[in-house]
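Structure record follows, encoded as structure tokens.
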Amino acid sequence: MSETPSNGETPIVRPRRSPAAIRAAADDFRTADAQLRAAGGDADPKAAKRNELLVSALFALGGLFGVGFLVAYFAIKLGPKHGDVLDQALKSNLALGLTLTGALLCLGAGVVLWVKLLMPHPQVTEDRHDFFSTEEDRLAAAADFNRGAEEAGVGRRPLLVGSLLAGTVPLLVAPIALLRDAGPMPGKTLRHTAWFKGSKLIDLTTGEPVKLGMLAVGSLVTVMPEGATVEEDATSPTILIRLRPEEYKPVKGKENWAPEGHVAYNKICTHAGCPIGLYEQQTHQLFCPCHQSTFNVLEHCKVVFGPAARPLPQLEIYLDDEGYFRAAGDFNQPVGPSFWERG
Ligand code: FES
């Protein structure tokens, strides 16, 4: 094959290697390799054994650090129940960081020493050749690969391979253990709030139970079930709005849900869970400030604009003998954004 340099000099003639030349080069390689092996660690079985033990010890130490990582992860408890949160977090980070560093360092050092002390390091040079592979090249490559595997001692050094695998297992298991940080399964908690049958509607601002006559027509108040807090029951805040009684158009099954024109809807937006913040008295619309979902109170909080896909859940309420508003039960559907199990 010839190439013509762009500067017009005499073309370079680069002969293709014949199969015989390739075989000869491979033979040369094997000869050099055997000499190197004879001069290397394997020529001294005691040194080879010593090096093998050293590398295995590093792998085993890496494995112990990996186990230490898992133990530290589970043993150091986080959260307010277990003392000072900051202190626990510092301890946890320190223990996890040190054990993980130790595991990676030992495994890495073991692999480096395996290569440096136990594998031969022949210098191989080869002429540049055409960019295609002949059958001989492919066979030679396959032979090289097999020889490489043999040199690495994967088959001959079960102690090394076993200790490497054992040392790596804890680190492979660690990501599975870390799934614990995703928290407990929600179970049925997404389907229920703190509202229960008979719970009084408590004004979130004053902490007082809401009585008939406290709200002017067209006004609203945020209420919570008695005994609940926003911090612990973030899905329970509910908006109580007073309409004119004739403005409430009951649908089948909800005829008694608006005593004296008072309606109660969950405050958590059904799009992404922001608290609904604005009520426009003239149009009877509730607005979510996050992405502008708009709910029409006169149509049972149906979505009239924005990305929310569901109406705000309505809470059935009634007036007790003393004129206080009470819930007839929990919401009749899950509150807040859609989730995977929601029917
Ligand atoms: S969270 Fe309310 S519109 Fe997005």
Original post:
When ligands, DNA and RNA are left out and all protein chains stay put, how many square angstrom of accessible area per residue does the chain have with a 1.4 Å probe?
Top reply: 59
**OP:** Would you mind computing Rg(Cα) / (2.2 N^0.38 Å) for segment 295-340, counting N as its residues?
**Re:** 1.43
Original post:
If you bin the C-alpha pair distances of segment 190-327 every 5 Å from 0, what whole percents do you get?
Top reply: 2, 11, 22, 24, 22, 14, 5, 0, 0
Original post:
For segment 148-210, with equal point scatterers placed on the C-alpha atoms only and solvent neglected, what are the log10 I(q)/I(0) values from the Debye formula at q = 0.12, 0.27, 0.28 1/Å, to two decimals?
Top reply: -0.63, -1.07, -1.10
Original post:
In segment 102-233, if every C-alpha pair distance is counted and binned at 5 Å from zero, what percent goes to each bin?
Top reply: 2, 7, 9, 10, 8, 7, 6, 6, 5, 4, 4, 4, 5, 5, 5, 5, 5, 4, 1, 0
Original post:
In degrees from 0 to 90, rounded to the nearest 10, what is the angle of the helix 45-75 Cα long axis to the longest principal axis of the chain?
Top reply: 0
Original post:
Roughly how tilted is helix 158-178, in degrees to the nearest 10 and between 0 and 90, from the longest Cα axis of the chain?
Top reply: 20
Original post:
Do you know the relative contact order of segment 206-328, to the nearest whole percent, from alpha carbon pairs under 8 angstrom that are 6+ apart?
Top reply: 22
**OP:** Please report, as a whole percent, how much of the solvent-accessible surface of segment 120-231 comes from carbon and sulfur atoms (probe radius 1.4 Å).
**Re:** 63
**OP:** Please compute P(r) over all alpha-carbon pairs of segment 201-266, binned at 10 Å starting from zero, and give each bin as a whole-number percent.
**Re:** 21, 49, 26, 3
Subject >> Pairs of Cα atoms farther than 16 Å apart, segment 244-309, % >> reply: 45
**OP:** Only loop residues by DSSP count here, and only those with at most 11 other Cβ atoms within 10 Å; note down the GluC sites (Glu not before Pro) in segment 159-234 that meet that.
**Re:** Glu231, Glu232
Subject >> Degrees, to the nearest 10: 19-39 long Cα axis against longest axis of the chain >> reply: 90
Subject >> Theoretical gain in end-to-end length, Leu204 to Ala142 [0.36 nm per residue, Cα-Cα removed] >> reply: 14.7 nm
Original post:
Using a cut-off of 30 Å between alpha-carbon atoms, which lysines can reach Lys188, once sequence neighbours fewer than 8 places away in the same chain are excluded?
Top reply: Lys77, Lys81, Lys197, Lys200, Lys252, Lys254, Lys267, Lys302
Original post:
If you project the alpha carbons of the chain onto the principal axes, what extent comes out on each, in Å, largest first?
Top reply: 104, 60, 36
Original post:
When only C-alpha pairs under 8 Å and at least 6 residues apart count, what is the relative contact order of the chain, in percent?
Top reply: 13
Original post:
Residue-wise, which Karplus ³J(HN,Hα) couplings in Hz belong to segment 247-262, taking 6.51 cos²θ - 1.76 cosθ + 1.60, θ = phi - 60°, and x for glycine or proline?
Top reply: 7, 7, 9, x, 9, 4, x, 10, 4, 10, 8, 10, x, 6, x, 8
**OP:** For n ≥ 4 DSSP H runs only, could you compute -39500 (n - 2.57) per run for the chain, divide by its residues and tell me the 222 nm figure to the nearest 500?
**Re:** -12500 deg cm²/dmol
Subject >> Within straight-line cross-link reach of Lys49, lysines at Cα separation under 18 Å, skipping those fewer than 8 residues along the same chain >> reply: Lys116
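The values are calculated or read from the model by the stated rules, or taken from the named source; none is laboratory data. Just so you know, these numbers come straight off a predicted model, no measurement behind them. Because the Cβ atoms are built from the backbone with ideal geometry, glycine has one as well, and the counts that use them run over all protein chains shown. Protein only, heavy atoms only, side chains kept; ligands, DNA and RNA dropped before computing areas. Shrake-Rupley method; radii C 1.70, N 1.55, O 1.52, S 1.80 Å.
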